[in-house]
Amino acid sequence: MLFNNTFKKWITPLATAGLVSLAGMAMAEDTLKIGLVAALSGQSAKSGEAITRGLTIAIDEINASGGILGRQVELLRRDDESNPNKGLLAARELVQREEVAVLFGGLDTPVSLAIVPLANRMEFPFMGVWAAGTPITQNGAEENYVFRVSAVDELVDEALVQYGIDEFGIEKPGMILINNPWGESNEKGFRMALESRDMEWAGIERFEGNDTDVVPQLSRLKEAGADSLLMVANVAPSAQVVKSLDRMGWDVPIISHWGPAGGRFSELAGENADKVHFIQTFTFVENQQGKGADLMEALKARYPEIQDLADVTPAVGIANAYDAMHLTALAIENAGSTDGAAIRQGYYDITEYDGLIKNYSTPFTPQQHDAIGPDDYVFTHFVDGRIVPLTR
């Protein structure tokens, strides 16, 4: 009898542990997995973290309401290090091994463009929440599985040119573009926007992400009579443009895509960082109201390091990801399954969603895979490390 009691005392914790372990395994297998491939290290890590936070808060809300299709949602992240090859490998791993229902894409247009053919070939939904290259969604596939809640280069370029005319009276801008597919996408958009207005441009200069001196390119634009700069580059190279202008003593309006928002731009660019006017889809403001205020409180509760508005820069990554996750939840619910083709149709079947950025009404159709348009853009600049809206 003593032996039996001792045996029970010894075996019960093991059995209980086994049951807990098995229950945990069952729960893990029953989760609905969502994947994210984004730059989580390097100069754009702050943006990757913003996307993560937006997805996480949305997933917290979705799980608190019962999950998707009765299953709790789990986020799996992979760091692409802003490298297309690494991003493609990460996408394959998340889709084939982890069997994520939907893959979210991150920051860099070259990385997203590497994943697009895979998404369409394997018929898995790929949701973009930052990279703005026009060909990401307008990719020519007969059956397109790529959607986006983010800016679109051609639309942004149109808005940037019009902003330059309205605010600075520009007549002969020069283009300073990062030398990669994102820069190429925007060159096309700028040309279209300027040609439609019968405007000429002073020149087109390209530079690399690791350039520490852009004075030669800027000098050529200045000599050609540029009265403004249309800039497209991410954080560090954009900062080098500002520092090179400082060295030249050239005070010229800088109208930029949203690359500077992606990290420590104000710190890297120095005291003239505020001269760069750049586009956003959303920004938090003082005395935030409505859903934005609720999201800010949720962010502060989830991430204690968030104390004020400067700690949620770049807000655009949070906002795009937040709305995209809720739209994706609706799409999967519409589909009634995690089948890729069914989810794609589920996106088309969304009729309305009252989001953070805007109220979405039929955001996706077979002909339109971008949920955000030019009416949803706002212009901003950095003030004391914070992204602040510019009044117009």
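A few remarks follow.
- The spacing between the stretch 317-385 and the stretch 139-178, judged by their C-alpha centroids, is 19 Å.
- Gyration tensor (alpha-carbon) shape descriptor, the chain, a/c threshold 1.5: prolate
- Under 20 Å between alpha carbons - lysine pairs in the chain that sit 8 or more apart or on different chains: 10
- Sorted peptide list for 152-159, 367-374, criterion being average Cβ within 10 angstrom, highest first: 152-159, 367-374
- Projecting the Cα atoms of TYR163, TRP182, VAL235 onto the charge dipole of the stretch 154-280 (Cβ charges, centred on the Cα centre) puts VAL235 farthest toward the positive pole.
- Coil-residue trypsin sites (Lys or Arg not before Pro) of the stretch 160-264, DSSP, other Cβ within 10 Å capped at 14: ARG197
- Each Lys and Arg contributes +1 and each Asp and Glu -1, all at the Cβ; summed about the Cα centre of the chain, the dipole is approximately 1220 debye.
- Modelled FRET efficiency - R0 22 Å, ASN210 with LYS172, Cβ distances, 0.05 increments: 0.15
- Label-point separation in nm, MET199 to ILE306, each point 7 Å along Cα→Cβ: 3.6
- Gaussian network model of the chain, Cα within-10 Å springs - most flexible of TRP250, TRP258, TRP130: TRP250
- Selected from SER238, SER361, SER256 as most flexible by GNM, with the chain as the system and alpha-carbon contacts under 10 Å: SER361
- When each of the peptides 46-58, 281-293 is scored by how many other beta carbons lie within 10 Å of its residues on average, the order from highest to lowest is 46-58, 281-293.
- For the chain, built as a Gaussian network whose Cα springs stay under 10 Å, the top-fluctuating residue of ILE170, ILE34, ILE332: ILE170
- With an a/c value under 1.5 for the gyration tensor axes a ≥ b ≥ c computed over the alpha-carbon atoms, the stretch 154-280 is described as rounded.
- Least to most buried among ASP80, ASP211, ASP274, ASP323 (fewest other Cβ within 10 Å first): ASP274, ASP211, ASP323, ASP80
- With a simple spin-label model that places each label point 7 Å from the Cα along the Cα-to-Cβ direction, the separation between GLN288 and ARG191 comes to 4.0 nm.
Computed from the coordinates by the stated procedures, all read-outs in this text should not be read as laboratory data. Here the structure is a predicted model, which is why all the values come from computation and not from measurement. Please note: Cβ atoms are built from the backbone with ideal geometry, for glycine as well, and neighbour counts cover all protein chains shown.
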